[in-house]
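Trainee: Okay, handing you the structure first.
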Amino acid sequence: MNRKDHAPDLAAELQAVVAGRVLAGVSMEQFTTWRIGGPADLLLIPRAEDDVTAALEFAGRHSLPLTVIGNGSNLLVGGAGIRGLVLKIGGGLQDLRINGNEITAGAGVILPALARAAGRESLSGLEFAGGIPASLGGALIMNAGAFGQFIGKSVRSVDAIDFNGARRTWKASELTFGYRRSTLQPESLIILKASLELQAAEQQSVLKRLEAFLEYRSSHHPLDLPSAGSVFRNPPEQPAGLLIEMAGLKGFKVGDAQVSTKHANFIVNLGHATATQVRELMEIVRGRVAARFGIDLIAEVRMVGEER
């Protein structure tokens with residue numbers, strides 16, 4: 001796509017057939033928690049499931065590459081941005097219904113909002129997720145978890161659509177969830193909504209656990225600087241953060257990308273970090289840990305877009 005010449009016209013054409021928000025040439029910095037990334041040719045935040053269907057048809061008709069993201073919380077976007085159409089589910093698809101012990105929510109609902117909603121309805125099982133800045137869809141794909149608990153444990157059903165427009169509903173018995181993985185991970189799959197089964201509990205005890213988890217995060221994680229959360233998966237031998245710290249890399253910097261001085265498995269943006277700097281720092285960390293401990297760290301973040 002010639003962004004300068006055609007993106008505004010394509011944006012107007014797409015906006016005419018969707019209820020959500022369409023943007024052209026918008027910087028991905030404002031759509032990732034790392035605050036890093038070049039411009040997307042087109043970006044759509046869908047308001048309803050019909051918007052997703054329309055976007056798939058539109059991308060196919062114009063031969064546009066399609067990139068689907070959640071809330072941008074585990075995403076590193078290259079400095080030259082993303083070609084084609086970005087479908088940002090996080091912030092869109094916001095429907096949320098509670099029926100007894102079951103919550104049915106759109107894939108764009110953010111986990112902290114979902115955990116709060118559950119707590120207000122005296123439902124337990126999502127307190128661990130109150131500080132995870134991911135969309136429900138992204139959380140299900142990666143089986144997001146904290147404090148020894150994972151979102152996959154609560155799943156009752158998941159609705160998704162593939163890039164060809166074929167829709168399917170999975171029951172929990174048809175899905176497999178593991179550490180930072182699930183059977184929902186094919187990149188050609190877009191989660192639309194999911195139903196979670198929680199447990200009835202006393203409201204104040206649920207909210208108290210939620211606040212305790214949030215307080216722990218605040219005291220142990222560098223929440224004052226942009227980051228993507230944990231950068232590497234925890235290997236069986238030791239937590240990744242401990243290995244990186246023992247390798248002497250806490251506080252190590254490449255440009256404005258720094259291994260956090262508070263939690264070594266976080267890389268923070270000190271102000272003007274680039275994707276290239278983050279990638280270089282990740283490789284230094286992986287190399288140093290491998291050389292000292294013989295352990296190959298696996299990245300947890302997803303890298304998309306083009307470098308400059």
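Trainee: Go over the candidates SER227, SER219, SER195 one by one and state the one that is of a type in the set (Gly, Ala, Ser), out of contact with any helix residue (DSSP H, G or I) (no Cβ under 8 Å at 6 or more places or on another chain) and in a loop (DSSP other than H, G, I, E, B).
Mentor: Numbers: SER219 fails: in a loop (DSSP other than H, G, I, E, B); SER195 fails: in a loop (DSSP other than H, G, I, E, B).
SER227 is the lone residue from the list that is of a type in the set (Gly, Ala, Ser), out of contact with any helix residue (DSSP H, G or I) (no Cβ under 8 Å at 6 or more places or on another chain) and in a loop (DSSP other than H, G, I, E, B).
Trainee: Further question: For ALA16, only one of the following conditions fails: (1) more than 22 Å from LEU192 (Cβ to Cβ); (2) under 16 Å from the mean Cα position of the chain (by Cα); (3) not polar (S, T, N, Q). What is its number?
Mentor: Only one criterion in (1) more than 22 Å from LEU192 (Cβ to Cβ); (2) under 16 Å from the mean Cα position of the chain (by Cα); (3) not polar (S, T, N, Q) is unmet by ALA16, namely (2).
Trainee: Just to be sure before I move on: is ARG83 outside the structural domain of LEU198 (by TED's automatic domain parsing) and modelled with pLDDT of 95 or more in the structure I sent? Let's see the steps before the verdict.
Mentor: Values: outside the structural domain of LEU198 (by TED's automatic domain parsing): yes; modelled with pLDDT of 95 or more: yes.
Yes.
Trainee: Please go through (1) touching a Lys or Arg at 6+ places or on another chain (Cβ under 8 Å); (2) over 23 Å from GLY37 (Cβ atoms); (3) among the β-branched types (Val, Ile, Thr) for VAL206 and return the number of the only condition it doesn't satisfy.
Mentor: (1)
Trainee: Inspect all residues belonging to the stretch 177-199 and state whether any of them is surrounded by fewer than 16 Cβ atoms within 10 Å (Cβ to Cβ), of a type in the set (D, E, K, R), outside the structural domain of ILE298 (by TED's automatic domain parsing) and touching a strand residue (DSSP E or B) at 6+ places or on another chain (Cβ under 6 Å).
Mentor: Looking for residues that are surrounded by fewer than 16 Cβ atoms within 10 Å (Cβ to Cβ), of a type in the set (D, E, K, R), outside the structural domain of ILE298 (by TED's automatic domain parsing) and touching a strand residue (DSSP E or B) at 6+ places or on another chain (Cβ under 6 Å), one finds none in the stretch 177-199, hence no.
Trainee: Are any of the residues in the stretch 35-44 more than 30 Å from GLN258 (Cα to Cα) and buried (at least 18 other Cβ atoms within 10 Å of the Cβ)?
Mentor: Scanning the stretch 35-44 turns up at least one residue that is more than 30 Å from GLN258 (Cα to Cα) and buried (at least 18 other Cβ atoms within 10 Å of the Cβ).
Trainee: Among the candidates GLY130, GLY108, GLY92, single out the residue that is touching a residue at least 40 places away in the same chain (Cβ under 8 Å), part of a loop (DSSP other than H, G, I, E, B) and within 23 Å of LEU223 (Cα to Cα).
Mentor: Working: GLY130 fails: part of a loop (DSSP other than H, G, I, E, B); GLY92 fails: within 23 Å of LEU223 (Cα to Cα).
Just one listed residue meets the conditions, GLY108.
Trainee: A follow-up question, please. Tell me yes or no: at least one residue of the stretch 3-13 is among the small types (Gly, Ala, Ser), crowded, with 22+ Cβ neighbours inside 10 Å, out of contact with any Gly (no Cβ under 6 Å at 6 or more places or on another chain) and not in a strand (DSSP E or B). Steps first, please.
Mentor: Filtering the stretch 3-13 down to residues among the small types (Gly, Ala, Ser) leaves 7, 11-12.
Narrowing the set further to residues that are crowded, with 22+ Cβ neighbours inside 10 Å leaves none.
No, that holds for no residue.
Trainee: I'd like the full set of residues that are farther than 16 Å from TRP34 by Cβ, among the hydrophobic types (A, V, I, L, M, F, W, C) and part of a loop (DSSP other than H, G, I, E, B), limited to the stretch 246-300.
Mentor: ALA247, LEU249, PHE252, ALA264, ILE295, LEU297, ILE298
Trainee: Counting only residues that are small (Gly, Ala, Ser) and assigned to a strand (DSSP E or B), which one in the stretch 72-89 is surrounded by the most Cβ atoms within 10 Å (Cβ to Cβ)?
Mentor: The initial filter retains those residues of the stretch 72-89 that are small (Gly, Ala, Ser), namely 72-73, 78-81, 84.
Add one more test, that the residue is assigned to a strand (DSSP E or B), and what stays is 81, 84.
Details: GLY81: 22, GLY84: 17.
The residue in question is GLY81.
Trainee: Residues GLU215, GLU174: which one is without any contact (Cβ under 8 Å) to a residue 12 or more places away in the chain, more than 17 Å from the chain's Cα centre (by Cα), more than 30 Å from PRO46 (Cα to Cα) and not assigned by TED's automatic domain parsing to the domain that holds GLY78? Show your work before the answer.
Mentor: Details: GLU174 fails: more than 30 Å from PRO46 (Cα to Cα).
Of GLU215, GLU174, the one residue that is without any contact (Cβ under 8 Å) to a residue 12 or more places away in the chain, more than 17 Å from the chain's Cα centre (by Cα), more than 30 Å from PRO46 (Cα to Cα) and not assigned by TED's automatic domain parsing to the domain that holds GLY78 is GLU215.
Trainee: Restricting to the stretch 57-75, give me the number of residues that are of a type outside the set (Lys, Arg) and either without any contact (Cβ under 8 Å) to a residue 40 or more places away in the chain or over 18 Å from GLY90 (Cβ atoms) (or both). Don't jump to the end; show me each part of the working.
Mentor: Just the residues of the stretch 57-75 that are of a type outside the set (Lys, Arg), to begin with: 57-60, 62-75.
Checking which are either without any contact (Cβ under 8 Å) to a residue 40 or more places away in the chain or over 18 Å from GLY90 (Cβ atoms) (or both) leaves us with 57-60, 62-65.
Result for the stretch 57-75: 8.
The values are calculated or read from the model by the stated rules, or taken from the named source; none is laboratory data. Predicted model only: the values in this text are computed from it and were never measured. We place every Cβ from the backbone using ideal geometry, glycine too, and count neighbours over all the protein chains shown.
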